[in-house]
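Here the structure comes first, spelled out in structure tokens, and everything after it is commentary.
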Amino acid sequence: MDITVFPGANQLAAAVAERLAGHLCRARSLVLGLPTGRTPLGFYRNLVRIAREGRVDFSGATTFNLDEFLGLGPEEPGSYRQYMERHFFRFVNIDRRNIHFLDGSTPDPEGECARYERAIAEAGGIDVQILGIGSNGHIGFNEPADHLTARSHVVRLRPETRRANAALFAGDADRVPHQALSMGMATILHARTIVLMATGSEKAGCVSAMVEGPLTTRTPASFLQLHPDVHVMLDQAAARKLADQVRF
Ligand code: F6R
């Protein structure tokens, strides 16, 4: 794993956005895998700024988001689809036909997951997958468990994950759906390049388990050690439990 530690979250967000904008300048038709959550907010803010400065063009890009709550349609305020509209999609010139999402309102979750896998394959696979990490070590919504699932699937969210998403539901964790649809471990690991961002001291434990721990289904992110092109972008707080710190 290639690890970079930035002085703070703002520098990290700006650097990852500049790097992605650089990729897009070289290859306009990139296929991007995108996360939601608190961590990427600064990244999206910077990408929007770079787009306003006319230095990046999303018209040829295709996006696939990692996950969505089961039971929520794309128009629901708590949905990840609405998060992406609020923070990113509505500010950039992406062709809306190239925005892909798992549909949380589907009556057929398994069929919807199979459709998503086909859509990713038809797009030629994911070029750059951006990830956050849950403090329990999840990526996407692949939660710590005895077994992990390779492809997109229905997941039961753990209580800590529902609490972490309460902000999308007016701070009320009880309103966070119990289930979600998520890309699976292989869907993520088949991306050509993976960029994982983590900030804040509450991520220090899972970052150290991901980078330095054994491969274990109890820390799904540890499987990223198997991928040949992973870039881990940390602020100092998230890096503080790593034995060997790499400075920016
Ligand atoms: C969100 C996602 C999750 C988050 C993770 C960290 O689409 O896939 O894996 O990246 O839960 O969330 P934050 O950034 O809110 O700490």
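The values are calculated or read from the model by the stated rules, or taken from the named source; none is laboratory data. Note that the coordinates shown come from a computational prediction; the quantities given were computed from them, not determined experimentally. Reconstructed Cβ throughout: ideal geometry from the backbone, glycine too, with neighbour counts over all protein chains shown. Surface accessibility is based on the protein's heavy atoms, side chains included, excluding ligands, DNA and RNA. Shrake-Rupley method; radii C 1.70, N 1.55, O 1.52, S 1.80 Å.
The 3J(HN,Hα) values that the Karplus relation (6.51, -1.76, 1.60; θ = phi - 60°) gives for region 136-145 are, in residue order, 8, x, 6, 10, x, 10, 7, 7, x, 6 Hz. Gly and Pro appear as x. Charge dipole of region 177-248 (Cα centre as origin; +1 on each Lys and Arg Cβ, -1 on each Asp and Glu Cβ, all else neutral): 40 debye, rounded to the nearest 20. For Val154 and Asn93, the FRET efficiency from 1/(1 + (r/R0)^6), where r spans their Cβ atoms and R0 equals 45 Å, is about 0.85. Counted residue by residue at 0.36 nm each, then reduced by the alpha carbon distance between them, the extension gain from Glu85 to Glu122 reaches 10.9 nm. Net charge of the neighbourhood of Gly140, taken over other residues with C-beta under 11 Å away and scored Lys/Arg +1, Asp/Glu -1, is -3. Here the accessible area of region 61-155 is 50 percent carbon and sulfur, with a 1.4 angstrom probe and all protein chains present. Local charge for Arg26 was computed over the other residues whose Cβ lies under 14 Å away, with Lys and Arg +1 and Asp and Glu -1, and equals +1. Under a 5 Å amide H cut-off, with hydrogens placed 1.01 Å from N, Val92 pairs with nothing among residues at least 5 apart or on other chains. Remark on Thr216: its backbone amide H falls under 5 Å from those of Ser222, Phe223, a criterion applied only to residues 5 or more positions apart or on other chains, H modelled at 1.01 Å from N. Computed on protein heavy atoms with a 1.4 Å probe, the accessible areas place Glu160, Glu112 in the order Glu160, Glu112, largest first. Taking every DSSP beta bridge that has both ends in the chain, the antiparallel portion is near 30%. So, counting K/R as plus one and D/E as minus one, what does the shell of residues with Cβ under 15 Å around Glu53 add up to? Cβ neighbours under 15 Å give a net charge of +2.
Over the residues of the chain, the helix contribution to mean residue ellipticity at 222 nm works out to -9000 deg cm²/dmol, using -39500 (n - 2.57) for each DSSP H run of at least 4.
Label-to-label distance, Gln179 versus Thr216, with points set 7 angstrom from Cα along the beta-carbon direction: 2.9 nm. Placing unit charges on each Cβ (+1 for Lys and Arg, -1 for Asp and Glu) gives the chain a dipole about its Cα centre, and among Ala123, His147, Pro107 the Cα reaching farthest toward its positive end belongs to Ala123.
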